[in-house]
Amino acid sequence: QVQLVESGGGLVQPGGSLRLSCAASGSILSINYMGWYRQAPGKERELVARITSSGTTTYADPVKGRFTISRDNPKNTVYLQMNSLKPEDTAVYYCYANIRDGGSLSRVMNYWGKGTLVTVSS
């Protein structure tokens with residue numbers, strides 16, 4: 001059983017910063033990639049950033065230059081450093097991961113966290 005647990009969301013003023021964390025735990029053989037999606041009211045869920053096992057990163061255009069994704073492989077943890085936050089960044093942020101588990105079937109599956117709310121407002 002693999003679980004993803006997010007932390008770090010909250011209320012911040014425009015121009016402020018937050019750091020999100022997501023820790024994967026359970027029976028894990030390897031993690032192919034981890035990342036973050038977000039969903040705001042009235043909008044579709046969108047990819048924010050992702051990082052592969054080799055360290056290759058991808059960012060959505062609206063967050064380029066402001067957000068940085070990183071990973072601590074021994075801890076199976078991914079981070080999202082968010083700077084210069086804007087009101088349009090307000091959303092529920094979901095951690096996700098593509099993981100090969102340690103069960104006898106050695107399955108590769110996608111996992112999702114429950115989400116953490118980021119609110120950018122004065």
Surface per residue (accessible, 1.4 Å probe) for the chain, Å²: 54 Å²
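Rounded to the nearest 5, what % of DSSP beta bridges with both residues in the chain are antiparallel?
95 percent
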field: Net charge, ASP89 excluded, C-beta distance under 15 Å - Lys, Arg +1, Asp, Glu -1
entry: +4
message: When 1/r is averaged over all different Cα pairs and the result inverted, which Kirkwood radius in Å belongs to the chain?
response: 14.6 Å
Trypsin sites (Lys or Arg not before Pro) within the range 1-102: DSSP coil, no more than 14 neighbouring Cβ in 10 Å: LYS43, ARG45, LYS64
- prompt: With the dipole of the chain worked out from charges on the C-beta (+1 for Lys and Arg, -1 for Asp and Glu) around the Cα centre, which of ILE69, VAL92, VAL108 lies farthest toward the positive end?
  reply: VAL108
- prompt: Can you list the residues of the range 71-97 with backbone N under 19 Å from a point 7 Å past the Cα of LEU11, pointing along Cα to Cβ?
  reply: 85-93
- prompt: Once the other residues with Cβ under 12 Å from the Cβ of ILE28 are scored (Lys, Arg +1; Asp, Glu -1), what is the net sum?
  reply: +2
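Where nothing but the Cβ of Lys and Arg (+1) and of Asp and Glu (-1) is charged, how large is the charge dipole of the chain around its Cα centre, in debye to the nearest 20?
Taking the Cα centre of the chain as origin, the dipole is about 120 debye.
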- request: Report in % the part of the accessible area of the range 1-109 that belongs to carbon and sulfur, leaving out ligands and nucleic acids; probe 1.4 Å.
  value: 47 percent
- prompt: When only DSSP loop residues count, what GluC sites (Glu not before Pro) in the range 1-66 have their Cβ near at most 11 other Cβ atoms within 10 Å?
  reply: GLU44
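The values are calculated or read from the model by the stated rules, or taken from the named source; none is laboratory data. The shown structure was predicted, so the numbers you read here are calculated from the model rather than taken from an experiment. Glycine gets a Cβ as well: all are built from the backbone with ideal geometry, and neighbour counts include every protein chain shown. Just so you know, the surface numbers come from the protein's heavy atoms only, side chains and all, with ligands and any DNA or RNA stripped out. Shrake-Rupley method; radii C 1.70, N 1.55, O 1.52, S 1.80 Å.
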